[in-house]
Structures are given as C-alpha cells and as structure tokens.
Amino acid sequence: MKAVTRSRYGGPELISISKLPAPTIQNDDILVRVAYTTVNRTDCAHLTGEPKINRLVTGIVKPTKLILGTDFSGEIVETGKAVRNFTSGDRIFGFKDTGFASMAEYLVCKATDPILQIPENIDFSIAAASLEGSHYALNFLNKVRLKRGQSALVNGGSGAIGSALLQFLKNYQVETVTTGPASQVENLKNLGASEVIDYKRADFSQISEKFDFVFDAVGKSRFKTCKNLLKKNGIYMSSETGPGMENLWLSFRSIFAQGQKVRFPFPKDISGSLRIMAELLKKEQFSPLLDRSFPIDDAEQAFQYVASGQKNGNVLLQISADGFRS
C-alpha cells in the first residue's frame, strides 16, 4: 500500500511516499480502506516535533509512528472476530490527536478508538473535513457558558478551527466578529460572522468594540494586547500556549481572579466531539470550509501549503484514487 511517511522530525522535505505491506488485523481490530484525510495543524506538529511538548506523545527523540495522519474517512474492509459494533462495508470517520497513521491506503484501528459511522447524507470528503478543527473548536466552547445575545471575536475565522467556531457560535445566536482575508468575507459571513476584519489592513486588537469572549483560533495574539477588547468579566482563549506558556499560567491564575479571565481550551473527549459532529452533519447544521484537495502523491506539497499559513478552512489529502467517488 502507499503511505505518507517520515522517520525523523523536520519539514515537509522529509516526507516520502512509501510502499509498505498492507496491515493485518487481530481479533479486536478493524481494517479500514482510507478515502480522505486532512493535512492540519496537528499533523504539522507531528511532522516537525514543534512545539517540543508534543514529543511527549509523538516520541522524544524520533517519531514513534512512521506513517503520518491524525484523521480519516473510509470504509471498513474487515473486522476481527471480537468486534461487535462495526461490520464490513460500514462508512466511518475518526480522529486521534496522538496519530492514527491514517495517511495510508489502509489503517488498523480498534472499535474503542474515537471512530464513528458517517451519516448517510455525507460524503467521505466532507466527513474527513469535519473532525480535527471542529474538535478543537468545540473545546473552546465547552469551557464557557454561551447565551443568546452575547458577543465574541474570533481571530482567524478562515482556518479549520475558526470556521467551525463561527458556525457553532451562530447556533448559539452569539453575535460574532472575525478576522480573515478579504477574499473570504462572503464565506465568513455565510458561516456566521456579522463583521469581518481584514487582518492585512487592520489590527483587530485596536478596535473599540467590547466582547464577552475573544477566541484566538490561530494563537497569534496575547492576553495583554486583547484585554481592551473584553468586557468587565470577559474571557480570553487562545489555541496556543503563548510565549513561555503564559496562557497556561494565566488560566490557572484566573481561577482565583475577579473580572477578565484567561482560560485554556485543553482538548478532551474526542469521541464526544465525533458524536456532536455526526449529529450536526446529519441535520445539515454544519458544513466545513474547504480550501483544496491534494492527491496522496503530492503530500509534501500539501504540507508545504498548510505550513505556509495561506490555507482557508480545510486542506484534504485524497488517499484513494477515486475518493470512493465522493
């Protein structure tokens, strides 16, 4: 089978398209033929080993998994004798932030892994693009109490996390301003933004409006520069730990503080996120923002594009030649 591999930490130039033996399964395993994955921020961190704290789960000196990939959509080929809740032919999708080795034509997972059946009305490409960014977006929102009529600013609304955040905030009827490129204004407003600030023309931290929440989905701001955007009891969250891991310490300090607070969106309960996303997709209440798709042979270029910071929404990697006709 074809697989996207690397043997050490570094940039996209280390990526190879390898020919490996197809995996075999044990009694409690599931063999999946992969249709799509995405190339996302988590994948880039697994590739580079940066920030180094990630190496606690991906391998201290070198990667423990040869094959890249954290999410997937695909079809079950075979199940072990002990598997009861899935069967051959099931269309499934899944995400594991520690790595699924999913950038390969076949993968092996467990029935207990964070995987779920894809709703019947959803194709493989949409399913794959509804995982990584959506999971992290949900973990922003499960740290706060949202109410109709509140206001939020999302820095980076055109990314995978930010574009998902906009849709979730819209469902809560939260008035949302976002930053993004001028080329994406219409898309971002369709996703739920009432106003889009062109980040190339204006510094969002200098606007006069006050918000209940500031969500930095790209991790490029700091609490000290965003305090003026928050209401008296407003909450700031970033997807990154910040310089010197300040967002972790500020979040801890905020437990004992009054007024404006910092909270850190520690991601948890991937299976819970999958259930939420499956339900939203089934009800047609979520649609991932798609940028472009690369074939598996162009995985290096896909990683280069994502690492460049130019992407809008999700970048797909088509693993099968036909994407199972998605």
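Just so it is clear, none of the values below were taken in a lab; they were calculated from the coordinates. Just so we're clear, the structure is a prediction, and the values are computed from it rather than from any experiment. Cβ: placed from backbone, ideal geometry, glycine included. Neighbour counts: every protein chain shown.
How large, in Å, is the chain by the Kirkwood hydrodynamic radius built from its alpha-carbon pairs?
Numbers: mean 1/r = 0.0493 Å⁻¹.
20.3 Å is the Kirkwood radius here.
Along each of the three principal axes of the Cα atoms of the stretch 22-96, give the extent in whole Å, ordering the values from largest to smallest.
Result for the stretch 22-96: principal-axis Cα extents of 39, 23, 21 Å.
Report, in debye and to the nearest 20, how large the dipole of the chain comes out about its Cα centre when Lys and Arg carry +1 and Asp and Glu carry -1 on their Cβ. Working shown, then result.
Details: 40 positive and 33 negative charges, 255 e Å.
That gives the chain a dipole magnitude of about 1220 debye.
For Val77, what charge total do you get from the other residues with a beta carbon under 13 Å from its beta carbon, if Lys and Arg give +1 and Asp and Glu give -1?
Values: positive: Arg33, Arg91; negative: Asp29, Glu75, Glu78, Asp90, Glu105.
So the surrounding residues net to -3.
With charges only on Cβ, +1 for K and R and -1 for D and E, what is the dipole size of the stretch 9-152 about its Cα centre, in debye, rounded to 20? Intermediate values should be presented prior to the final figure.
Details: 16 positive and 15 negative charges, 131 e Å.
So the dipole magnitude of the stretch 9-152 works out to roughly 620 debye.
What do you get for Rg/Rh of the stretch 156-305 when both radii come from the Cα atoms and Rh is the Kirkwood radius? Write out the running numbers ahead of the final one.
Numbers: Rg = 16.7 Å, Rh = 16.9 Å.
Result: Rg/Rh = 0.98.
Would you mind counting up the charge near Asp269? Only other residues with Cβ under 15 Å from its Cβ, with Lys and Arg at +1 and Asp and Glu at -1.
My count for the surroundings of Asp269 gives 0.
I need the shape label for the stretch 1-155. Rule: rounded when a/c is under 1.5, else prolate if a/b > b/c, else oblate, with a, b, c from the alpha carbon gyration tensor.
On the way: a/c = 1.96, a/b = 1.15, b/c = 1.70.
Oblate shape, in that a/c is at least 1.5 and b/c is the bigger or equal ratio.
Beyond a 26 Å Cα-Cα separation, which of these cross-linked pairs lie in this structure: Lys210/Lys282; Lys147/Lys311; Lys62/Lys311; Lys96/Lys231; Lys19/Lys62; Lys110/Lys143? Present the calculation step by step, with values, prior to reporting the outcome.
On the way: Lys210/Lys282 35 Å; Lys147/Lys311 31 Å; Lys62/Lys311 28 Å; Lys96/Lys231 36 Å; Lys19/Lys62 21 Å; Lys110/Lys143 29 Å.
Flagged as over cut-off: Lys210/Lys282; Lys147/Lys311; Lys62/Lys311; Lys96/Lys231; Lys110/Lys143.
How big is the Cα convex hull of the stretch 184-263 in projection, averaged over all directions, in nm²? Walk me through the intermediate numbers first.
Values: hull surface 22.5 nm².
Hull-based average projected area comes out at 5.6 nm².
Can you give the helix-only mean residue ellipticity at 222 nm for the chain, where every DSSP H stretch with n ≥ 4 adds -39500 (n - 2.57) and the sum goes over all residues, rounded to the nearest 500 deg cm²/dmol? Mind showing how you got there, number by number?
Details: 10 runs with 81 residues, N = 326.
One gets -6500 deg cm²/dmol as the mean residue ellipticity at 222 nm.
Under a Cβ-only charge scheme (Lys and Arg +1, Asp and Glu -1), can you give me the dipole magnitude of the stretch 124-223 about the Cα centre, in debye to the nearest 20?
Values: 11 positive and 9 negative charges, 49 e Å.
My answer is approximately 240 debye.
Counting DSSP beta bridges in the chain, what percent are antiparallel, to the nearest 5?
Numbers: 29 of 54 bridges.
Expressed as a percentage, antiparallel bridges in the chain total about 55.
So which residue, out of Asp291, Asp28, Asp212, gets the largest mean-square fluctuation from a GNM of the chain using Cα contacts under 10 Å as springs?
The residue that fluctuates most here is Asp28.
Per residue and in cubic angstrom, what volume does the convex hull of the Cα atoms of the stretch 232-326 have?
Values: hull volume 16.3 nm³, N = 95.
For the stretch 232-326, the hull spanned by Cα atoms encloses 172 Å³ per residue.
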